[in-house]
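All remarks here apply to the structure that follows.
The values are calculated or read from the model by the stated rules, or taken from the named source; none is laboratory data. Predicted model, so just to flag it, every value in this text is computed and none were measured. Ideal geometry is used to build each Cβ from the backbone, glycine not excepted, and the neighbour counts take in all protein chains shown.
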Amino acid sequence: MTQDLPYNYEGYFPGEKEEEDFSRFQQTLNVGTEAPDFEATRLEDGKQVKLSDLTAQTDVVLEFGSLT
Amino acid sequence: MEKLAIEYRDKGFNFVFVYTREAHPGELRPHHTRFEQKLDQARAFQSQYDIKRPILVDSLEGAAHRAYGALPDMLYLIGKHQRLIWFKADWTDADTLRMILEYQIKRTEMRQANRKAGPNYCEFLGFRPRMWDRFVAHLHTNGPKAVDDWERAMAYWKEHPPSHG
């Protein structure tokens, strides 16, 4: 079951935690509410970038994902 | 998504990709144990898919990813004003996003024309194309472990059908 797995799990396996995550997604961060700000490393130059710096200029389409 | 990013960047939308944990790690593309490794795998992703959008690499422990729900391929449209969430989806689908962006453009046009508009809360259940063959081929590039894990997951779902996509 995934509930005992660390964030960076070694191998994918579904379970109750995944079901909960999908269910929670529909119940939190609803449309019309404020998106949480965050800071992350821009791959291009290694600089720390805040979402709020980006949304100060334009609307932002935010996609999450990885190589795998 | 790259095509949409180019098409809509002059229409007031900035596309950003947030690099998260590996969803289906394998021997060739393992889970992250160091931030530098996460950066390297983000570079490999950028190169393999010729990503032109800015890539923001989340912290090793996934602070941003977890704040937004920690699903593997989520999509959000976040407004310039008050950082409002205009749209969210648990899976990224370009056709759905195009529809939403066109809708947003109409909203802007109405505002610019001083036409009155009130809020209208909407929900709808979208769809996305499924490309299993391509997905499984992709798992092979991650390493045999990723394929084995996926086969175990399929067996699990036979016993426990998922309610999500």
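Residue-wise test of (1) surrounded by 19 or more Cβ atoms within 10 Å (Cβ to Cβ); (2) aromatic (Phe, Trp, Tyr); (3) under 20 Å from residue B:47 (Cα atoms).
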{"residue": "A:31", "(1), (2), (3)": "no, no, no"}
{"residue": "A:36", "(1), (2), (3)": "no, no, no"}
{"residue": "A:40", "(1), (2), (3)": "yes, no, yes"}
{"residue": "A:44", "(1), (2), (3)": "no, no, yes"}
{"residue": "A:48", "(1), (2), (3)": "no, no, no"}
{"residue": "A:53", "(1), (2), (3)": "no, no, no"}
{"residue": "A:61", "(1), (2), (3)": "yes, no, no"}
{"residue": "A:64", "(1), (2), (3)": "yes, yes, yes"}
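Would you confirm whether or not the stretch A:37-49 contains a residue that is aromatic (Phe, Trp, Tyr) and in contact with a Ser or Thr (Cβ under 6 Å, 6 or more places away or on another chain)?
No: the stretch A:37-49 contains no residue that is aromatic (Phe, Trp, Tyr) and in contact with a Ser or Thr (Cβ under 6 Å, 6 or more places away or on another chain).
If you go through the stretch B:5-23, how many residues are over 15 Å from the mean Cα position of the chain (by Cα) and touching a residue at least 12 places away in the same chain (Cβ under 8 Å)?
Count: 5.
Of the residues that sit in the stretch B:85-99 and are of a type outside the set (Ser, Thr, Tyr) and more than 9 Å from chain A (Cβ to nearest Cβ), which one is surrounded by the fewest Cβ atoms within 10 Å (Cβ to Cβ)?
B:95
Condition (residue is at the interface with another protein chain (Cβ under 9 Å from one of its Cβ atoms), more than 26 Å from residue B:9 (Cα to Cα), of a type in the set (D, E, K, R) and out of contact with any helix residue (DSSP H, G or I) (no Cβ under 8 Å at 6 or more places or on another chain)) applied to the stretch B:138-145: is it met by at least one residue?
Yes, some residue in the stretch B:138-145 is at the interface with another protein chain (Cβ under 9 Å from one of its Cβ atoms), more than 26 Å from residue B:9 (Cα to Cα), of a type in the set (D, E, K, R) and out of contact with any helix residue (DSSP H, G or I) (no Cβ under 8 Å at 6 or more places or on another chain).
Do we have residue B:165 as within 11 Å of chain A (Cβ to nearest Cβ), surrounded by 11 or more Cβ atoms within 10 Å (Cβ to Cβ) and modelled with pLDDT under 90 here?
Answer is yes for this residue.
For residues in the stretch B:109-124 being of a type in the set (A, V, I, L, M, F, W, C) and loosely packed, with under 10 Cβ neighbours inside 10 Å, which is nearest to residue A:31 (Cα to Cα)?
So the residue we want is B:122.
Residues in the stretch B:97-129 that are touching a strand residue (DSSP E or B) at 6+ places or on another chain (Cβ under 6 Å) and β-branched (Val, Ile, Thr): how many?
Summing the residues that are touching a strand residue (DSSP E or B) at 6+ places or on another chain (Cβ under 6 Å) and β-branched (Val, Ile, Thr) in the stretch B:97-129 gives 1.
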